[in-house]
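Bear in mind that the values in this text are calculations on the coordinates, not laboratory data. Source: prediction; values computed, not measured. Using ideal geometry, Cβ is built from the backbone for each residue, glycine included, and neighbour counts are taken over all protein chains shown.
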Amino acid sequence: MTRIRKLNCFDYPKIKKMISYLGSSEGELFSKALLNEPFGIINSLLPLKYKFLNESYILLDGKEILGIITIEPAIGNPYKINITRLVFQNNLYDAGKQLIDFVTSRYSAKGATSFIVSVDECHDELLKLFTDGCGFRQCASETLWKVENFEKSKEIPCGFRPFNNSDAKAVCKLYNSEIETIYKASLERIKQEFQEPILGGYSQFYKNRYVLEEPVHKRIIAYLSITTSDNNNFIIDFITNDGYEISYDDILKYAISEIDRRRSVFYPFIKQKNYTKTADKLGEYLKNKAYTPIQNQIVLVKHFYKPVKSTENAIQVFLFGENSKIVTN
């Protein structure tokens with residue numbers, strides 16, 4: 001008989017054996033997560049709005065672990081849940097379905113309104129598991145480009161400055177304004193998602209953020225983030241106001257210079273968000289630079305909407321076939 005429970009530190013030997021074929025990086029991430037297990041006990045007792053760590057659950061058949069799932073509330077918006085890890089034994093897609101259904105049911109009952117996961121487009125069976133099996137829908141996509149043969153420029157473009165929490169409202173407005181209309185309902189963010197979290201040190205990622213201001217009115221016209229989980233691979237992610245001519249060369253030079261200040265050897269990547277107004281323009285730039293697209297991920301979403309409280313004694317009317325006018329006195 002199968003059952004699902006929270007991951008704990010005593011599961012680590014079995015987990016390590018289960019994921020050994022994935023290489024050392026995944027094992028290291030699990031190790032780091034388990035080091036926070038004492039805080040995980042506290043985290044599990046907190047209401048959803050106060051949670052500050054990711055949480056993992058395992059599917060057991062007796063003492064055998066069949067699968068693992070990890071969820072992480074979005075920084076600044078605990079009601080938006082990211083599914084960050086799903087591992088199950090070969091071809092046990094039903095184990096994956098049980099874990100996905102478990103976390104969506106558990107956290108929606110706690111107040112979560114949306115679940116998001118990014119799946120590599122080549123994983124057809126996994127995409128079907130989320131869409132056909134668990135009710136997610138394909139929303140958008142993101143492409144990761146490998147930056148090759150880059151030069152470390154001695155002339156660092158001016159204009160960018162470090163992000164401050166006071167910039168969150170302006171950055172949020174910029175970000176949401178640059179999302180294509182058809183994706184806004186699913187991918188818009190709130191101001192708190194851009195603010196530096198109080199317990200950000202417990203995140204498995206390290207992120208530096210910067211903004212570019214228009215010189216006359218000091219309006220923020222570009223937002224840049226540089227993220228790493230291993231201090232070797234750095235993801236450069238930026239969004240720009242499509243009403244301004246902003247040099248991608250300058251953005252890249254600045255990002256490379258900031259990474260170079262901290263690391264002598266590193267591997268940069270650029271994230272192209274294919275749901276923004278400037279996505280095609282950025283794609284052409286990356287192609288002209290002969291950079292290599294190494295991964296395309298499909299963004300899947302599942303929403304739980306709170307029912308609107310109906311008026312007391314209201315009457316619901318359903319019309320089938322030819323519509324008719326209803327006249328009430």
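Taking the Cα centre of each part, how many Å lie between the range 271-285 and the range 143-168? Comparing the Cα centres of the range 271-285 and the range 143-168, I get a distance of 17 Å.
May I ask for the net charge around residue 253, where only other residues with Cβ less than 15 Å from the Cβ of residue 253 are counted and Lys, Arg are +1 while Asp, Glu are -1? It works out to a net charge of -2.
With a threshold of 18 Å on the Cα-Cα distance, the over-threshold entries among 173/271; 184/277; 6/63; 253/289; 146/253; 146/271 are 173/271. Near the amide H of residue 76, under 5 Å away, which other amide H atoms are found, from residues 5 or more places off or on another chain, if H is placed in the peptide plane? For residue 76, whose amide H was placed from the backbone, there are no distant partners under 5 Å.
Under the rule a/c < 1.5 gives rounded, and otherwise a/b versus b/c splits prolate from oblate, where does the range 146-296 land using the Cα gyration tensor?
Working: a/c = 1.31, a/b = 1.16, b/c = 1.13.
Note, shape of the range 146-296 comes out rounded.
Its Cα centre serving as origin, the range 146-296 has a Cβ charge dipole (Lys and Arg +1, Asp and Glu -1) of approximately 280 debye.
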